[in-house]
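Student: Before anything else, here's the structure in question.
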Amino acid sequence: MNKVSIINELQEIISYGKRERDKILNSSENINFSLYEKVTAFEEDKVRKSEHSTDNWQNKIFYADNIKVMEFLLKNGYKGKIDLIYIDPPFFSETNYNRRIILNDGEKDIFIKHFAYEDRWRKGIKNYLEELTVKLYLMRDLLSSKGSIYVHLDWHIVHYIKVLMDEIFGRENFVNEIIWSYKSGGVGKRHFSKKHDTILFYSKTKNYIFNVQKEKSYNRELKPYRFKGVKEFKDDIGWYTYVNTKDVWNIDMIGRTSKERVGYDTQKPRKLLERIILSSTDENSIVADFFAGSGTTGVVAEKLKRKWIMSDLGATSIAVMKERLIEERANRFNLYRIPHEEDDSIDFKIKIKKRCPCDFFNECLEIEIEDYEIKDISKLPVDRKYWLKIKDILEKDSFEFVEYVAVDTDYKGDFFSFKQEHYRTYGNKRGSFNKNILLKLEKNLKKRNIAVQLIDVFGNEKIKIINL
Ligand SMILES: C[S@@+](CC[C@H](N)C(=O)[O-])C[C@H]1O[C@@H](n2cnc3c(N)ncnc32)[C@H](O)[C@@H]1O
């Protein structure tokens, strides 16, 4: 491939971005997203009153290419509605990224890496910049007048994106270049060790939300200054004061033993997102992440009681973020998809074991999940070196691959309403999986469908229906 001088292409990239954005917004095509799943991470009788109940807001995950998601949002009332967009897109690193899972082969734990997403650009750097430029224009349209965008990148591409963002958001709206500095990563022998990412922070207007955050600043020689009117504190290291947070952030990456770790490469630390969300949103703000990966933005926004929207196009990412939110006991959220063909790469059966009254109002139904199978190992998103191991584990206990099972006890056929879930714990510790599920059903409903959804560790999904 000829080496392209990008500096000469930037003007064209900007024109392309504007043109494509206009085309998208002016097209009469209606993106056909439908509600696919309502997820309630609580037992029904313990459902929390929604924090956003005043305006009927539901947090949202879109399982789709984000360009479609943004088009949908812009055409459905979200123009100028989002206060914070954080994105952590592929970095132009020319690498594939994985999710790491631990499986037990009956004797020992084994690690398997399976493909999560690709960051390879066969059409080159110009194509990468063009795609992101269109999306940045759409994000600008989505931002509210007090909104901000944080674009997380590193040395591979950030300097080109800075120039493009100056054009898209206006140089006058550049707020900060944040350096996220960490210890993990490789060591340089012919260069200085690369130990930081760069986050570009732009606002939509001058009237943006900014809540000053404070951080510790240790005194020189760690001794007290005793300045008049300055509060000083002491910890094990020495004397310090609190100062307004600076633009170099020392936050640890998620290490192998970190409790936060969910095994998704490029997962970002909660602390990083906490700082961004607290700085650039208020309690009623909507936060969006269109390259959501393992869902850190939504998990943190949920904890901080912000409204959130996330999207990703990877099955693994969607399965991981859903499970994380469920484990965090998140408020109800909805999953949207464009109508798609049913996934038939896996299968399972359901056996009804027992059906009997359990009290005056309810009956109990015990079901068993049986015969989970992966139809074709060679189609799994894993390197062929794992095929034998996978086959071996499948023969011993195929349920080792089941990530979780959810049940909708009154399935109407339109969307899956996630009411009872049976999942393992994620990350480094895998709980055991119980194939027997006891359901409590209202007695007076004569006819009903029960839907059982099974998701495996690769993000494959299958829904089976029982007609009662
Ligand atoms: C660097 S990861 C994000 C990691 C995330 N910040 C976290 O904490 O886990 C980038 C994500 O962007 C997703 N992605 C890439 N292109 C996309 C697209 N066109 N639409 C939606 N998601 C996309 C990938 O699947 C991947 O999960």
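Each value in this text was obtained by applying a stated rule to the coordinates, not by laboratory testing. All of these numbers come straight from a predicted model, not from anything done at the bench. With ideal geometry, Cβ positions are generated from the backbone for all residues, glycine too; neighbour counts draw on all protein chains shown.
Student: Pull the list of the chain cysteines that no other Cys approaches to under 4.7 Å, Cβ to Cβ.
Tutor: Taking the Cβ cut-off of 4.7 Å, the unpaired cysteines of the chain are 356.
Student: Using label points projected 7 Å from each Cα along Cα→Cβ, tell me how many nm separate residue 209 and residue 195, to one decimal.
Tutor: Those two pseudo-labels are separated by 3.4 nm.
Student: Another one. Return an integer: the convex hull volume of the alpha-carbon atoms of the range 346-467, in Å³ per residue.
Tutor: Dividing the Cα hull volume of the range 346-467 by its residues yields 119 Å³.
Student: Okay, next question. Suppose the chain between residue 384 and residue 118 were pulled fully straight at 0.36 nm per residue; how much longer would it get relative to their current alpha carbon spacing?
Tutor: 94.0 nm
Student: On to the next question. When the dipole is taken about the Cα centre of the chain, and only Lys, Arg (+1) and Asp, Glu (-1) are charged at their Cβ, what size is it in debye, to the nearest 20?
Tutor: Magnitude of the dipole: close to 1280 debye.
Student: Under 18 Å from a label point 7 Å along Cα→Cβ of residue 271: give me every residue in the range 83-109 with its amide N that close.
Tutor: none
Student: At 222 nm, what value in deg cm²/dmol follows for the chain if DSSP H runs of at least 4 each add -39500 (n - 2.57) and the sum is divided by all its residues, to the nearest 500?
Tutor: It comes out at -7000 deg cm²/dmol, rounded to the nearest 500.
Student: Below 8 Å between Cα atoms, with a sequence gap of 6+, how large is the relative contact order for the range 346-467 in percent?
Tutor: Taking the mean separation of contacting Cα pairs over the length of the range 346-467, I get 29 percent.
Student: List the lysines whose alpha-carbon lies under 17 Å from that of residue 462, not counting same-chain residues fewer than 8 positions away?
Tutor: Cross-link targets: 38, 322, 349, 351, 375, 379, 412, 419, 435.
Student: Please list 88-95, 213-220, 167-174 highest first by mean number of surrounding beta-carbon atoms within 10 Å per residue.
Tutor: So the peptides 88-95, 213-220, 167-174, ranked by packing, come out 88-95, 167-174, 213-220.
Student: What order do you get for 246-257, 288-299, 450-461 when each peptide is scored by the mean count of other beta carbon atoms within 10 Å, highest first? Provide the component values of the computation, followed by the final result.
Tutor: On the way: 246-257: 13.1, 288-299: 27.0, 450-461: 22.0.
Top to bottom by mean Cβ count within 10 Å: 288-299, 450-461, 246-257.
Student: What FRET efficiency do you get for residue 245 and residue 145 if R0 is 22 Å and r is their Cβ-Cβ distance, rounded to the nearest 0.05?
Tutor: On the way: r = 24 Å, r/R0 = 1.10.
According to the calculation, E is roughly 0.35.
Student: Take every DSSP beta bridge with both residues inside the chain and express the antiparallel ones as a percent of the total, to the nearest 5.
Tutor: Bridges in the chain are about 75 percent antiparallel.
Student: Would you calculate the separation in nanometres between label points at residue 156 and residue 359, each defined as 7 Å from the Cα along the Cα-to-beta-carbon direction?
Tutor: 5.5 nm
Student: What is the spin-label model distance, in nm, from residue 434 to residue 187 if the labels are put 7 Å beyond Cα along the C-beta direction?
Tutor: 4.8 nm
Student: Less than 18 Å apart at the alpha-carbon level, and either on another chain or at least 8 residues along: which lysines does that give for residue 206?
Tutor: 81, 146
Student: Please tell me the relative contact order of the chain in percent, rounded to the nearest whole number, where contacts are Cα pairs under 8 Å and at least six residues apart.
Tutor: Relative contact order of the chain: 20 percent.
Student: Report the full-extension gain for the segment residue 23 to residue 278: residue separation times 0.36 nm, less the Cα-Cα distance, to one decimal in nm. List each step's numbers first, then the result.
Tutor: Working: separation 255, 0.36 × 255 = 91.80 nm, distance 3.51 nm.
The span from residue 23 to residue 278 would gain 88.3 nm if fully extended.
Student: Moving to a separate point now. Taking θ as phi - 60°, what are the ³J(HN,Hα) couplings along the range 239-244 by the Karplus curve (6.51, -1.76, 1.60), each to the nearest whole Hz, with x for Gly and Pro?
Tutor: 7, 8, 10, 9, 10, 5
Student: How long is the chain along each principal axis, judged by its Cα atoms, biggest number first, in Å?
Tutor: 73, 58, 53
Student: Next up: Over the C-alpha atoms of the range 245-306, what are the Rg and the largest Cα-to-Cα span, Dmax, in Å?
Tutor: That works out to 12.1, 35 Å for Rg and Dmax.
Student: For residue 110, what residues show an amide H to amide H distance below 5 Å, using hydrogens built from the backbone and excluding near sequence neighbours?
Tutor: 103, 104, 105
Student: Using 0.36 nm times the number of residues separating residue 338 and residue 305, minus their current alpha carbon distance, what extension gain do you get?
Tutor: 9.1 nm is the gain from fully extending residue 338 to residue 305.
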